[in-house]
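Notes follow the structure.
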Ligand SMILES: Nc1ncnc2c1ncn2[C@@H]1O[C@H](COP(=O)(O)OP(=O)(O)O)[C@@H](O)[C@H]1O
Ligand SMILES: [Mg+2]
């Protein structure tokens, strides 16, 4: 029902397919009547000739007409079934499109937390299976449902008209068979789910391995990865064995039951014909009718089977569709701009404040999942145009502050205000240009990657930022220049080249807030100096958050925030903090020290002198 509601625009197709099926069934039901009538004519004529009489008048004409009626019924079936088949194909293509795009739309809206816990290959495998099973079911169901209903009713009515015990036996056969099928399906389905889990896990790992082939090869783990993959699939063999044994055993039982019931039906028909209650024509008609009666029984069980499969498939589909994109897991709030708040939520009489900070963290506490907080009571303001650096140990929560600022996670406590952030996340994110710690590029050309945040940018604009981010320097050496394909996630580039493209991408976005999370960590000193110049230009008149990896960069910011054990330790200008004896002062002294212990301590901060 939910799938139907979900794909309401396909209703004309469902109806069309059902009408086609009804016409086909009607033509099918006519056949036993026609052959039955022909049999009576033939038997009459044969009897007359055997008695030495002439062929009865009109007998030939009757059988010719009846044969023509058979031809008409078959032609109707031929044509209408092809029209219905065409509708079915179009319907399933449309359904696949609707279900896939809605799923993608939902995934794109889901909070980061969802992706932290899922393998991308698993997401894809699950989507494909769900959609295939649901689509197959809907197609066959709309094809079969009316046929089954009409055939069942017709067979029951006609057999009841001729001799009621036939109808009684059939009425027993249907529900018995259905019940046995439902029994079979339940266990079958449970095993199917276990099988799918293995396939999903294997597919998830598969995609991950393909994406990180260098790591796999360099650690010589090809064999063990293959083994693990094989193990998952081996497990499905055993499960399939159990599943198939069960299914075939149950199928044997239910078909045997059906055979016995049909034995009774045929026995009744034969004996009553011999006793003269049925004419030979009626007998032929009834026998054909019984053969038709078997079909809906078997179809029905097929529908039960595939319905259960589709319902399992649609369950995992709807599980994802039911996730609330707004539920970011935290009890706290996402970044917002109080001045963009609807009038009703702003305190009466308050005006948008002038000279407000561009970004303000107030008592922000956050932890991933249910773990201990990574950040505790983080409070600071960043004024428009200010450059703020974050310093703290590796794993100290610097990148986490960036994630919170971008609204990837909701804080547990406290609030984050970002000037210009609307109620939806995309308006917040439009205000922020970011260079992530891991450059994360896409397959495609260099130009496409630089323009990712502004696809409408001109080639001249792209080249201008490429110049400032020292991308132009290496692009000049590439035969295809900006049209060079860089491979999945930028695989064909060096770490430093990727980072420079990521910097250019953020530059082109031209947002009022700039976040640099170790944006130049993979660069050599020379190119770092080049990029740094571009970044210095860019940071002018922009509120900037810098997680720097070089102390000389940090020395030039307006304020430094040092983090210790998830809390803010100090906030102050580089000069103030150099003299305060805190973390920053310690780093400064460490970089000038030559002792091994000091070098080691420095490493904990991801910082170089
Ligand atoms: N997506 C995540 N899920 C769970 N824990 C995470 C996630 N990202 C980071 N962490 C943890 O949060 C802590 C802070 O990480 P991070 O902010 O990346 O540190 P930094 O950038 O200062 O080196 C680390 O202990 C890390 O293990
Ligand atoms: Mg980090």
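Data for the structure
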| quantity | calculated |
| --- | --- |
| Enumeration of residues in the range 101-119 that are in contact with a helix residue (DSSP H, G or I) (Cβ under 6 Å, 6 or more places away or on another chain) and in a helix (DSSP H, G or I) | 103, 106 |
| Test: residue 403 is closer than 14 Å to residue 514 by Cα and either in a strand (DSSP E or B) or within 16 Å of ligand 2 (Cβ to nearest atom) (or both) | yes |
| Strands (runs of 3 or more DSSP E) contained in the range 527-586 and holding at least 3 residues in contact with a helix residue (DSSP H, G or I) (Cβ under 7 Å, 6 or more places away or on another chain), within 16 Å of ligand 2 (Cβ to nearest atom) and at pLDDT below 85 | none |
| Residue in the range 326-342 that is away from ligand 1 (no atom under 16 Å from the Cβ), exposed (fewer than 14 other Cβ atoms within 10 Å of the Cβ), within 30 Å of residue 196 (Cα to Cα) and at pLDDT below 90 present | yes |
| Qualifying residue in the range 519-531 (condition: surrounded by fewer than 19 Cβ atoms within 10 Å (Cβ to Cβ) and farther than 22 Å from residue 387 by Cβ) | yes |
| Selection from the range 438-487 of residues that are under 15 Å from residue 535 (Cβ atoms) and part of a loop (DSSP other than H, G, I, E, B) | 439, 469, 470, 471 |
| Which listed residue is at pLDDT below 90 and out of contact with any strand residue (DSSP E or B) (no Cβ under 8 Å at 6 or more places or on another chain), from 185, 224 | 185 |
| Per-region count, the range 554-569, residues surrounded by 18 or more Cβ atoms within 10 Å (Cβ to Cβ) and either within 16 Å of ligand 1 (Cβ to nearest atom) or within 40 Å of the chain's Cα centre (by Cα) (or both) | 7 |
| Meets criteria (within 16 Å of ligand 1 (Cβ to nearest atom), without any contact (Cβ under 8 Å) to a residue 60 or more places away in the chain and within 45 Å of the chain's Cα centre (by Cα)) for residue 520 | yes |
| Options 73, 67: the member that is modelled with pLDDT of 90 or more and either surrounded by fewer than 18 Cβ atoms within 10 Å (Cβ to Cβ) or under 38 Å from the mean Cα position of the chain (by Cα) (or both) | 67 |
| Matching option when the condition is modelled with pLDDT of 90 or more, in contact with a helix residue (DSSP H, G or I) (Cβ under 8 Å, 6 or more places away or on another chain) and within 16 Å of ligand 1 (Cβ to nearest atom), among 435, 503 | 435 |
| Residue selected from the range 358-367 under the condition more than 10 Å from ligand 1 (Cβ to nearest atom) and either at pLDDT 90 or above or within 32 Å of the chain's Cα centre (by Cα) (or both), by the criterion nearest to residue 427 (Cα to Cα) | 359 |
| Test: residue in the range 401-418 that is away from ligand 1 (no atom under 16 Å from the Cβ), touching a residue at least 40 places away in the same chain (Cβ under 8 Å) and out of contact with any strand residue (DSSP E or B) (no Cβ under 9 Å at 6 or more places or on another chain) | no |
| Verdict on residue 79 being under 23 Å from residue 24 (Cα atoms) and assigned to a helix (DSSP H, G or I) | yes |
| Subset of the range 248-283 [outside any loop (DSSP other than H, G, I, E, B) and over 26 Å from residue 30 (Cα atoms)] | 248, 249, 250, 251, 252, 253, 254, 255, 256, 257, 260 |
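The rows are residues; the columns are (1) away from ligand 2 (no atom under 16 Å from the Cβ); (2) modelled with pLDDT under 90; (3) in a loop (DSSP other than H, G, I, E, B); (4) buried (at least 20 other Cβ atoms within 10 Å of the Cβ).
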position: 353; (1), (2), (3), (4): yes, yes, yes, no
position: 356; (1), (2), (3), (4): yes, yes, yes, no
position: 369; (1), (2), (3), (4): yes, yes, yes, no
position: 372; (1), (2), (3), (4): yes, yes, yes, no
position: 378; (1), (2), (3), (4): no, no, no, yes
position: 389; (1), (2), (3), (4): no, no, no, yes
position: 393; (1), (2), (3), (4): no, yes, yes, no
position: 411; (1), (2), (3), (4): yes, yes, yes, yes
position: 420; (1), (2), (3), (4): yes, yes, yes, no
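Conditions (1) assigned to a helix (DSSP H, G or I); (2) under 29 Å from residue 256 (Cα atoms); (3) in contact (Cβ under 8 Å) with a residue 60 or more places away in the chain, marked per residue:
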| position | (1), (2), (3) |
| --- | --- |
| 138 | yes, no, yes |
| 148 | yes, yes, yes |
| 151 | yes, yes, yes |
| 161 | yes, yes, no |
| 166 | yes, yes, yes |
| 173 | yes, yes, yes |
| 180 | yes, yes, yes |
| 187 | yes, yes, no |
| 193 | yes, yes, yes |
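The values are calculated or read from the model by the stated rules, or taken from the named source; none is laboratory data. Since the structure is predicted, the reported quantities are computational estimates derived from the model, not experimental observations. Using ideal geometry, Cβ is built from the backbone for each residue, glycine included, and neighbour counts are taken over all protein chains shown.
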